[in-house]
Amino acid sequence: MSIPVLEIENLSVSFMTRAAEVPAVMDFSMKVFEGDAMGLVGESGCGKSTVALAIMKYLGGTGKIVGGSIKFRGRDMSTFSEKELEDIRGSKIAMIYQEPMASLNPAMRISSQLIEVPILHENISKDDAWNRSTEMLQKVNLPDPERIMNAFPHQLSGGQQQRIVIAMALLSKPSLLLLDEPTTALDVTVEAGIINLVKNLSKEIGTSMLFVSHNLGLILETCNKITVMYSGETVETGEINQVFRNMRHPYTQGLLRSIPLPGKNKYDAPLQAIAGQLPLPHERPNGCNFGPRCPHLDKEVCESGNIEMQLISSNKNHFSRCARVDKIQWNEKSLSSEKKPKSSSGGTLLTVKSLSKDYDVAANVVFGGKKKGTVKANVDLNFDAKVGETLAIVGESGCGKSTFAKVLLGLENASSGKLEFEDNDIANTMVDERKRATVSAIQMIFQNPFDTLNPSHSVGGQIMRTLEKVGVGSSVEERQQRMYELLDLVKLPREFEKRMPRQLSGGQKQRIGIARAFAGSPKVVVADEPVSALDVSVQAAVIELLIDIQEKFDTTMLFISHDLSVVRYVADRVVVMYLGKISETGTTEQIFSPPYHPYTEALLSAVPIADPDIKKRQILLEGSLPSPLNPPKGCVFNTRCPNAIIGKCDKIDPPLQKLKEGHTISCHIDAKELSKKGSVFAQ
Amino acid sequence: MLLFIGKRLFVLFLTMLSLSFIVFTLVTIEPNLKKLALNQANMRMEEEAVQSWLEKNGYKRPILVQYGEWLGNALTGDFGYSTHFRKPVNEVIWPKLWHTGILMFWVLIITIPISLLIGIIAGMREGSKTDRVLSVFSIITTSVPQYVSGILFTIIFSSWLKLFKGVAKAGSITFENFTLPVLTIVIYDIGYIARMTRASMVEVMNAQYIRTARLKGMSFISVVFKHALRNALIAPFTVIMLQFPWLLTGVVIVEKLFNYKGFGFLLVAAADQNDIDVTLACGVVAVILVLTTQLISDIGYAFLNPRIRFS
């Protein structure tokens, strides 16, 4: 067998803080061979990024490799001098980062950041380096390389920036490419393009990949091997199809069961969250780290000292760190997969009639100046929401979904149109002019639970304050009672009343956010990407909680999201938006099966799916989102639409095709023609 | 860019107008004028005589007319007559400003390179021994007020070691008599700018693009020079520009302490002696200085930070 490009053996990394040594990675082993694409999966805090940085020997002042070895092409990297390390970094091992904007120097032109790589490693002239860089920019599909070379990072879009980072990493044709959550900060359609690019280019150059991500679907689409990490340890590793089909560790199984898959919704197959949360490094249990959260825990076996990796299948290189691997019935359906009855929706609660919202962009505030232009954030929106229904608003960043939420909540006035809530038009009443009943009837759950709680007030106090604001209870005691009920409702212990937000995990914070939103018994709750900042296993629990509470109170939920698999799971009806306009509306069934609007089709195709049995048609969108200041003529999607009819789509606004049962598609192509393309998914 | 500068100059002019108007109104309120009359003419004047003195000197006219007259003169370069020094303001203020200018020049030429160097070296490796030593040094120097350090230096270097003189005569500057005032300001200022620079450098060195550069295979030193420096200088640049107006007024203590007859000295004397025209002229000079340094600061900021330049 050939020498692996990268061989990690029993690696342990610790961070030396003033208080103590915090172990971040323990006993981690992995082999990456030439041409391999290894996926490294785990939740935040499990140490996967630390592994990537340890390979680069870049752990900051406090991180130290305390055990084990990392071999690059058979040579132990701990024997490398600083100079040798510098020679390898960027030329033999290159890295692509999570946040492209932050990874590029804001004060330097793209050209100087690119050309320094070959100049540094290959000692070539500036002109040669320039030519190499422009060639590479063409390879990463960036139009007009000369213009981009002279640009500064902030002048490019997120997707373009990430292409630059990729170009930078591939300039020296590295033999190992480390990707640390390379698409987490990007929109799904952009993500699909980037992933495709990385796959093709690494094959072309012959680079092995280590792909670090929390997204199982992405790993399945890009890698041929996978390593699952939990709390600093490898728990399972093997060939990708083997692990996905025959997982042999309860954590891997838990992860796969907690993500919504296409074809599943909340009524057929409820998500199963993994109970509990990731232990802090200094609170790791004895024996199996996953033990306290594991449904198959056997205290005698699992908590008796260290558990070693066991071979499951040698030809698939399948290993698992589970002491009870032979005892567990792996194919058993989980206990709680009973079906829920589908609730029927009531009468219409909210009607949106030709609602538009424009923002004026003035040249200068002090001097007035002439108007630079108008951003049309919402254009002629028409839809309604019924009592007890979950209506999802889907689209990529900049599509106007959050603007709509602001108008609904009274944080912005609409420019025209009506927003009828219980027969009152509230499109132009700001939140402080609204009646208290209206305010408490329309509440919001925010995207980032970390920023929405006041860090200097206790959790109980913050809920009580909300109760006071929405006029619940006439005395402190009454409100306190109600606060306890709310904590019960979101399944947090009552003792949490005294806790400060910093003592809570992300999922717990989001539960407090939900408790606050439901404090005044709202009729409509706007959930703006409520789980996108949470880890997969926590996500499932929060989604289930939301659905339960919503059903209990028959609340209407407006679920704003870019994640179509979550939307498929929670929503009854869906509104798809692109650049401020609605491209398609319908029930979840209608949206997820043909005929699709071409944009919906591309969105569906872009979502990575963590199921090796589902095959998708791939539709990649060209270019990036046009500026909302200067939207395209005709159909706003025509510049990126693979089916655009030149002369029609770029001139005339698309007609609204009304199909059966409220399904509408705004497209020039006839619905019959669209349905001929068939489903994006094939089992 | 030119449009931007033009706009800023226009704002500068407007600000100057309104500020000088405010100062003008404040120094020409009735009780102050009466005091001036008593001072200038005869301490034992009757109320009637005071009124007629005010009438005679044009202080009874509407405020706008008076201000218009002053403004008209000021725009043609005539700042009026100093009642204390008994000569035209122009003959008083410019030489003093020149003296302070020389002091400021030496202070800045010494402070800026030293403090930037200290800040960058300290912030380059956060938490290292060098960082801690330099940080403690900067904290000590900024926490000793100038009137304390000035006196200390005088005692040590002048009375005891007899190296320098404790008095600096404006107009005839020598190394011997000029070192102590400069040193007093420099020591205080170095700590301040160095701390700002260090904070900015630490932030930049922790930025992800520095990691990117390091993982490209660049050495630590070239990352500091090529990637960190320019970004780290954005914040201290603004602080340095703010030093100009601060120095202009901040020299009061040092000038008094070393009996150096500069702008600060003049300002104190004018305020003391109720010298209306000199006070006004000093105010205008201060405002011009503040606003021009702000303008330079904005332009320089745009140069250092391309995100500002292009938006």
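The values are calculated or read from the model by the stated rules, or taken from the named source; none is laboratory data. These numbers come from a predicted model, not from an experiment. Every residue, glycine as well, gets a Cβ built from its backbone with ideal geometry; the counts of neighbours run over all protein chains shown.
For (1) among the polar types (S, T, N, Q); (2) more than 10 Å from chain B (Cβ to nearest Cβ), each residue gets a yes or a no:
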site: A:104; (1), (2): no, no
site: A:123; (1), (2): yes, yes
site: A:132; (1), (2): no, yes
site: A:136; (1), (2): no, yes
site: A:143; (1), (2): no, yes
site: A:148; (1), (2): no, yes
site: A:156; (1), (2): no, yes
site: A:172; (1), (2): yes, no
site: A:175; (1), (2): yes, yes
| task | Report, by residue number, each residue of the stretch B:125-170 that is within 19 Å of residue B:194 (Cβ to Cβ) and among the charged types (D, E, K, R). | result | B:125, B:126, B:129, B:131, B:132
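With B:26, B:54 as the choices, which residue is touching a helix residue (DSSP H, G or I) at 6+ places or on another chain (Cβ under 9 Å), within 19 Å of residue B:287 (Cα to Cα) and free of Cβ contacts under 8 Å to residues at least 40 places away in the same chain?
On the way: B:54 fails: within 19 Å of residue B:287 (Cα to Cα).
Just a single option satisfies the conditions, and that option is B:26.
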| query | Name the helices (runs of 4 or more DSSP H) wholly within the stretch A:409-509 that hold at least 3 residues that are among the charged types (D, E, K, R)? | reply | A:459-469, A:476-489
| note | Checked A:118, A:153 against criteria (crowded, with 21+ Cβ neighbours inside 10 Å, more than 24 Å from residue A:195 (Cα to Cα) and in contact with a Leu (Cβ under 8 Å, 6 or more places away or on another chain)); the one match is A:118
| task | State which residue is modelled with the lowest pLDDT when the search covers only the stretch B:276-311 and only residues that are part of a helix (DSSP H, G or I) and touching a Pro at 6+ places or on another chain (Cβ under 8 Å). | result | B:307
| message | Can you find a residue that is touching a helix residue (DSSP H, G or I) at 6+ places or on another chain (Cβ under 6 Å), within 26 Å of residue B:272 (Cα to Cα), assigned to a helix (DSSP H, G or I) and of a type outside the set (Gly, Ala, Ser) anywhere in the stretch B:74-82? | response | no
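Among the residues of the stretch A:127-163 satisfying the criterion of being of a type in the set (A, V, I, L, M) and part of a loop (DSSP other than H, G, I, E, B), which is modelled with the highest pLDDT? Break it down stepwise before answering.
Restricting attention to the stretch A:127-163, the residues satisfying the condition of being of a type in the set (A, V, I, L, M) are A:129, A:136-137, A:140, A:142, A:148-149, A:151, A:156.
Applying the additional criterion that residues be part of a loop (DSSP other than H, G, I, E, B) yields A:140, A:142, A:151, A:156.
Values: A:140: 81, A:142: 81, A:151: 87, A:156: 83.
Within the stretch A:127-163, the match that is modelled with the highest pLDDT is A:151.
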| task | Please indicate, with yes or no, whether at least one residue in the stretch B:156-166 is free of Cβ contacts under 8 Å to residues at least 24 places away in the same chain, within 14 Å of another protein chain (Cβ to nearest Cβ), assigned to a helix (DSSP H, G or I) and aliphatic (A, V, I, L, M). | result | no
| said: If I filter the stretch B:197-223 down to residues being under 21 Å from residue B:302 (Cα atoms) and either crowded, with 22+ Cβ neighbours inside 10 Å or at pLDDT below 90 (or both), which single residue comes out as farthest from the other protein chains (Cβ to nearest Cβ)? | reply: B:197
| remark: The helices (runs of 4 or more DSSP H) lying entirely within the stretch A:239-332 that contain at least 1 residues which are touching a residue at least 60 places away in the same chain (Cβ under 8 Å) and among the aromatic types (Phe, Trp, Tyr) are A:240-245
| field | Residue list for the stretch A:185-223, restricted to those being more than 16 Å from residue A:564 (Cβ to Cβ) and outside any helix (DSSP H, G or I) | value | A:185, A:206, A:207, A:208, A:209, A:210, A:211, A:212, A:213, A:214, A:223
| Which residue pairs have Cβ atoms under 7 Å apart, sit 6 or more places apart or on different chains, and have a first residue in the stretch A:187-207 that is buried (at least 19 other Cβ atoms within 10 Å of the Cβ) and a second that is among the acidic types (Asp, Glu) and modelled with pLDDT of 85 or more? | A:195/A:221
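Out of the residues in the stretch A:60-91 meeting the condition of being away from chain B (no Cβ under 11 Å) and assigned to a loop (DSSP other than H, G, I, E, B), tell me which one is nearest to residue A:204 (Cα to Cα). Please lay out each step first, then the result.
To start, the set of residues in the stretch A:60-91 that are away from chain B (no Cβ under 11 Å) comprises A:63-81.
If we keep only those that are assigned to a loop (DSSP other than H, G, I, E, B) too, we end up with A:73-74, A:80-81.
Values: A:73: 20, A:74: 24, A:80: 29, A:81: 31 Å.
Going through the qualifying residues, I end up with A:73.
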| query | How many of the residues making up the stretch A:93-102 are touching a residue at least 40 places away in the same chain (Cβ under 8 Å), under 21 Å from the mean Cα position of the chain (by Cα) and within 8 Å of chain B (Cβ to nearest Cβ)? | reply | 3
| query | Just wondering, is there one or more residues in the stretch A:575-597 that are within 30 Å of residue A:224 (Cα to Cα) and of a type in the set (Lys, Arg)? | reply | no
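Take residue A:665 and tell me if it is in a loop (DSSP other than H, G, I, E, B) and out of contact with any Gly (no Cβ under 6 Å at 6 or more places or on another chain).
Numbers: in a loop (DSSP other than H, G, I, E, B): no; out of contact with any Gly (no Cβ under 6 Å at 6 or more places or on another chain): yes.
Judged against the criteria, residue A:665 is not a match.
Do the conditions hold for residue A:111, that is, is it touching a strand residue (DSSP E or B) at 6+ places or on another chain (Cβ under 7 Å), more than 10 Å from chain B (Cβ to nearest Cβ) and part of a helix (DSSP H, G or I)? So that I can check it myself, show each step before the final result.
On the way: touching a strand residue (DSSP E or B) at 6+ places or on another chain (Cβ under 7 Å): no; more than 10 Å from chain B (Cβ to nearest Cβ): yes; part of a helix (DSSP H, G or I): yes.
Taking the combined requirement at face value, the residue does not satisfy it.
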